[in-house]
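Since the structure comes first, as structure tokens, the remarks are kept for the end.
The values are calculated or read from the model by the stated rules, or taken from the named source; none is laboratory data. All values derive from a computational prediction rather than experimental measurement. Backbone-built Cβ (ideal geometry, glycine too); neighbour counts: all protein chains shown.
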Amino acid sequence: MSKTTMPQCQGCRISDRTVWASLTQESLEDLAEHRVASRYQKGDVIFHEGSPSTGLYNVCAGKVKLVRTGRVGRQTIVRIAGSGKTLGETDLFREDARHSVTAQAMEETVVCFLAKPVLMEYLKDYPDMMLEMVRRLAAALHKAEQRVESLATKDARHRLVEFLIEMGDEEGEPHDDGIRIRLRLTREEIAEVIGATLETTIRLMSALKKDGLVADDDGHVVLKDPARLHRIDRSGAGLPVGAGARGGR
Amino acid sequence: MLPATRVLQRHRLFEDLPDDALRQLLSIAREVSQPRRTVLFAQGDPCKGFYVVVDGMVRLFKSSADGREHVVEVIRAGQSFAEAAVFAGSECPVTAETLEASRLLFFPKEPYLTVLQARPQLLLGLIASLSVRMHQLVAKVERLTLYDARQRVAGFFCDLAGNGDAAPHVLDVSKRTMAAQLGLTPETLSRTLASLQEEGFITMDGRRFQVNDTQGLTDLARGGPLLH
């Protein structure tokens, strides 16, 4: 573990994208006194599933995956959160107040933490901050509903294409061959997002490569033909899948 | 007291609210009674507000381009729906249709937002309510990605039957709806139901069912008994 605690993030450059964006300058300075920023290396755990939820986390830089582990030890990635996104907000106000997922850094990441009692004080004084939390929760709910729908109705190949398009939209950067996904994703991580086995994921990625739809560039996925990927996503059909029934692994 | 008031008081959204706040919310609500199979709003419609079910049942579903329907959720008496849509985007992400004759309270968007502005403490209830919904969705994602048909069906019965309740229950959705919610084909669902009965976990008689082994079913839902 290489977590390091950092001095207060004065002059935070992403504060206008955070949940406390509506605070006045004075309150932001006051808030900075209470925030604890930490730097994590790739693979470090920020909090564990089942541990008590004691406050709100904000991703300042980097990427965090929120992972749920089944009893048999298999994992599913529930969400990938980048800078400006909050973590732990859905666990804080439930009765058992425990983390329902594990948060793990996917690359070098800076996260700042605000303890619940302090957060509650701010929420009371700043209804806009509360409203922003509601908006974020509502948006996260819609995304989760879409995910459930995909898992229940689309085959593994379709889910893979859908995920690659989403990553291209959120993390894409121009590349000679098309759009490069800035975040390095292992095949295992892709499998854990789309809910397929590692073997199926490797086979599906190879097939997409063979079709000239994607390429690999030093651990980054390159979307070579985004237009065709979009067409596959919309039509839902395409080449045979071999991954079995709806929602099949 | 109106039954509607009692339903509201038990709902997480309105918990711990002072009487005057509850009265204010009730004053903007409209009571709506609809027969079975009435579409309350359709996917893509502008979102006009949210509903609380007083009596009856509503299904929320999404339709894909090829006309297939996926049931996202079945909303029962005492539960609410579409409150997230009031805050996220302007279009309804699902279609809502009554599964039986239903009585609902409708809270129109603009007056509701005005009340929220005047009473920010209502937002805390909203955060709590959305958090619980999120938690359920994460569990669904887990079930659909990590668990096989047996585990998904076991989880479905655990959710319906609650904890340690041995009384008989009635399955209030069709098996087709149930299969769609679990991401299974109707054939796989039938096979799985038969095997769970054979193994003594549940007893089914038409739509009536009884959980015989709550612990066993819970263990099964979570991927087998915990190994030490």
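This table checks each residue for (1) of a type in the set (Ser, Thr, Tyr); (2) without any contact (Cβ under 8 Å) to a residue 12 or more places away in the chain; (3) under 19 Å from A:Gly84 (Cβ atoms).
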position: A:Glu132; (1), (2), (3): no, no, yes
position: A:Ala156; (1), (2), (3): no, no, no
position: A:Leu160; (1), (2), (3): no, no, no
position: A:Glu166; (1), (2), (3): no, yes, yes
position: A:Gly178; (1), (2), (3): no, no, no
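Filtering the range B:191-206 to residues that are surrounded by fewer than 20 Cβ atoms within 10 Å (Cβ to Cβ) and within 14 Å of chain A (Cβ to nearest Cβ) leaves only B:Arg191. Every listed requirement among (1) within 7 Å of chain A (Cβ to nearest Cβ); (2) without any contact (Cβ under 8 Å) to a residue 40 or more places away in the chain; (3) out of contact with any strand residue (DSSP E or B) (no Cβ under 9 Å at 6 or more places or on another chain) is met by B:Leu113 save one, (1). Mind listing whichever residues of the range A:56-86 are over 12 Å from A:Val101 (Cα atoms) and either surrounded by fewer than 20 Cβ atoms within 10 Å (Cβ to Cβ) or among the charged types (D, E, K, R) (or both)? Correct list: A:Ala61, A:Lys63, A:Arg71, A:Val72, A:Gly73, A:Arg74, A:Gly82, A:Ser83, A:Gly84, A:Lys85.
Just one residue in the set B:Gln43, B:Gln34 is in contact with a Cys (Cβ under 7 Å, 6 or more places away or on another chain) and assigned by TED's automatic domain parsing to the domain that holds B:Leu137; that residue is B:Gln43.
Figure legend. Inter-residue proximity from the range B:168-183: first residues away from chain A (no Cβ under 12 Å), second residues in a loop (DSSP other than H, G, I, E, B) and not hydrophobic (A, V, I, L, M, F, W, C), beta-carbon distance below 6 Å, spacing 6+ or different chains. Indicated pairs: B:Val170/B:Arg207; B:Leu171/B:Arg207. As a summary of the residue check, A:Ala140 satisfies the conditions (1) surrounded by 14 or more Cβ atoms within 10 Å (Cβ to Cβ); (2) out of contact with any helix residue (DSSP H, G or I) (no Cβ under 8 Å at 6 or more places or on another chain) except for the one numbered (2). Tallying residues that are among the charged types (D, E, K, R), out of contact with any Ser or Thr (no Cβ under 8 Å at 6 or more places or on another chain) and in a strand (DSSP E or B) within the range A:63-91 yields 2.
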